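Please treat every number below as a calculation from the coordinates, not as lab data. Quantities reported herein were computed from a predicted structural model and do not represent experimental measurements. Note that we place each Cβ from the backbone using ideal geometry, even for glycine, and neighbour counts take in every protein chain shown.
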Amino acid sequence: MPKSPEHRHDRDHPSSLARRVILVTGAGDGIGKAASVAFAAQGARLVLLGRTRRKLEQVSDTIQARRLETPLIVPVDLHGLGPEQAKTLAEGINREFGGLDGVLHNASIVGPKVPIERFPLDEFRKVLSVNFDSAVVLTQALLPLLSQSADASVVFTSSGVGKRGRAYFGAYAVSKFATEGLAEVLADELRNTTRIRVNVVDPGPTRTALRAAGFPSEDPMSLPAPEDHMPLYLFLMGPESAGVTGRRFSAKGWRAG
Ligand code: NDP
């Protein structure tokens, strides 16, 4: 008799994320791509959200090639994401998987690296829209689903410049300060009333397209690969981090325990 997906995960993936439904934004590239593959490899069912359909399909192909559960692909431009779009997404996830256990807010753009005095306002607003506003809109739409999970985890992605501003990092740094604030407020609001934990990850310098855009003269091979950070991402999405909330984690040098 053919094995059901549950049996397959139990046999091949006796892991921590078995059957969890996890949404990853910016899942088509870099850290989001590595996290999606790592979560799926541990038995999670993935919702891959990103701007470029082709990239999401490639990530989905990688996951399916390993005979893991087929992800739901959601090609969406987070710039200007509205509540109706987010509500449609939440309904789609519920229809497809019947719930949601985790969200990795990961998509970001760097924007121009120019002084604040000359920062084009439309670009400033776009960076805030993609990196921060969309996370608020998604949070509002997805909290009802997350509230129904027995053990939900929300992870926001920050940066070193989200704690200490740095010249010419303009809107990107501001968006990360805002993200850290959102995560702190949300963690505090949810701490005593729900089973949803909320934490922040600062991946640190990592070999991705975003880093190369910010530091074009740097040798990418001198940096860790996204895959090197996956123990922390798996910890935060899995049951081992139950009860851990309102914390900020640096991926650099992180070790379990
Ligand atoms: P990448 O540029 O490799 O990946 C970012 C992803 O976000 C891409 O898949 C991209 O989609 C997606 N994205 C960008 N804009 C939109 C949009 N408007 N709508 C939907 N999706 C969008 O970046 P990283 O993997 O490096 O970054 C991941 C996270 O880590 C970010 O939050 C970043 O700020 C943070 N970080 C990264 C560091 C690093 O050194 N790499 C250091 C500190 C923090 P597409 O490919 O289709 O454009």
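Summing Lys, Arg as +1 and Asp, Glu as -1, what charge do residues with Cβ under 13 Å from the Cβ of Phe39 carry, Phe39 excluded?
Values: positive: Arg19, Arg20, Lys33, Arg45, Arg66; negative: Glu69, Asp101, Glu227.
After counting each charged neighbour, the total is +2.
In what sequence do Asp61, Asp122 fall when counting other Cβ within 10 Å, fewest first?
So the ranking, lowest neighbour count to highest, is Asp122, Asp61.
Just want the ordering: Met221, Met230, from fewest to most Cβ atoms lying within 10 Å of their own Cβ. All intermediate terms of the calculation are to be shown ahead of the outcome.
Numbers: Met221 7, Met230 19.
In increasing order of surrounding Cβ atoms, one gets Met221, Met230.
Relative contact order for the chain: what percent, with Cα pairs under 8 Å and sequence separation of 6 or more?
Details: 486 pairs, mean separation 45.4, N = 257.
Relative contact order of the chain: 18 percent.
Please sort by residue number the trypsin sites (Lys or Arg not before Pro) in the stretch 36-93 whose DSSP state is loop and whose Cβ has at most 15 other Cβ atoms within 10 Å.
Arg66, Arg67
Where does the charge balance sit around Ala256 when Lys and Arg score +1, Asp and Glu -1, over other residues with C-beta under 15 Å from its C-beta?
Taking every other residue near Ala256 into account, the sum is +1.
What does the extension gain come out to for Glu91 and Gln148, with contour length at 0.36 nm per residue minus their alpha carbon separation?
Here the answer is 19.1 nm.
Hey, what number do you get for the chain at 222 nm if only DSSP H runs of n ≥ 4 count, each worth -39500 (n - 2.57), divided across all residues, to the nearest 500?
-12500 deg cm²/dmol
Grab the other residues whose beta carbon is less than 11 angstrom from that of Thr206, score K and R as +1, D and E as -1, and report the net.
0
Listed here are the pairs Lys126/Lys163; Lys55/Lys252; Lys113/Lys176; Lys87/Lys126; Lys55/Lys163; Lys87/Lys252; which of them are more than 24 Å apart at the Cα?
Going by Cα-Cα distance, Lys55/Lys252; Lys55/Lys163; Lys87/Lys252 fall outside the 24 Å limit.
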